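This report concerns only the one structure given below.
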Amino acid sequence: MESLARRVGSRSAQRREELASANVYTPTMKSAPSKLRLNILSDPATLAGTRLAVEALCAENGLDKTSCDEVGLCVNEALANVMRHAYHGATDRPIELAADASDGAVRIAIRDWGDGVNPLDRPLPPPNPLRPGGLGLVCMRQMMDELSFHPQRDGMLLEMTKRKK
């Protein structure tokens, strides 16, 4: 796990490509992996590799292409929100991601040690097409079957579920 975490945290494209294939089903394996555990840093360079690894887990566990893409987008948005809002742009803070595929669903848990503010308790800002951002929670609410934030004593735990169609 430590070497995988180092790969996720690396800025090099080669390392991110290695991560994307590190926990992916191949025909030589007897069954698709059903779990993914990543310890990453709050560096935007970790987003692409993490998203690819989650999408691969979804695909190999029977989610259709649209659902895989939706889960990948929601994970990307959730991590970007942690980086931007919970960690206020710091690129060296820890984030844990756990994904489990079982019983016809993929469950994602994202844990941070940021400010612990529940974004669902804040009013949504009015849409502004000239200002980037503001659609992550909208996407997560629309695309995931379940979404819940659990404030922790020292941060936040986000849980999301996507069921097979």
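No lab work stands behind these numbers, since they all come straight from the coordinates. Only a predicted model underlies this, so the values are computations on that prediction, with no experimental measurement involved. All Cβ positions, even for glycine, are placed from backbone atoms using ideal geometry, and neighbour counts span all protein chains on display.
So who's got an amide H within less than 5 Å of the one on Gln152, skipping anything under 5 residues away but keeping other chains? H placed 1.01 Å off N, in plane.
Answer set, sorted by chain and number: Leu157.
Grab the other residues whose beta carbon is less than 12 angstrom from that of Val82, score K and R as +1, D and E as -1, and report the net.
In short, -2.
Mind giving me the nanometre distance, one decimal, between the label points for Glu159 and Arg37, set 7 Å out from Cα along Cα→Cβ?
Taking the two extended label points, one gets 1.8 nm.
From Cα pairs below 8 angstrom and at least 6 apart in sequence, can you work out the relative contact order of the range 104-161, rounded to a whole percent?
54
Run the numbers for Ala109 and Asn128: contour at 0.36 nm per residue of separation, minus the present Cα-Cα distance, in nm.
3.9 nm
Below 8 Å between Cα atoms, with a sequence gap of 6+, how large is the relative contact order for the range 31-165 in percent?
So the answer I get is 28 percent.
Please list, ordered by chain and number, the residues whose modelled amide H lies under 5 Å from the amide H of Gly114; skip anything fewer than 5 residues away on the same chain.
Distant-sequence amide H within range of Gly114: Met156.
Place the peptides 78-84, 159-165 in order of packing, highest mean first, counting for every residue the other Cβ atoms within 10 Å and averaging per peptide.
78-84, 159-165
Quote the Stokes-Einstein diffusion coefficient, in whole µm² s⁻¹, for the range 115-165, based on the Kirkwood radius over alpha carbon pairs, a temperature of 10 °C and a viscosity of 1.306 mPa s.
126
Quick check: residue separation of Ala80 and Gln142 times 0.36 nm, minus the Cα distance between them. What number comes out in nm?
20.6 nm
Show me, bin by bin at 10 Å from 0, the whole-percent P(r) of the range 64-165 based on Cα pairs.
Per 10 Å bin, starting at 0, the Cα pair percentages come out as 14, 48, 31, 7, 0.
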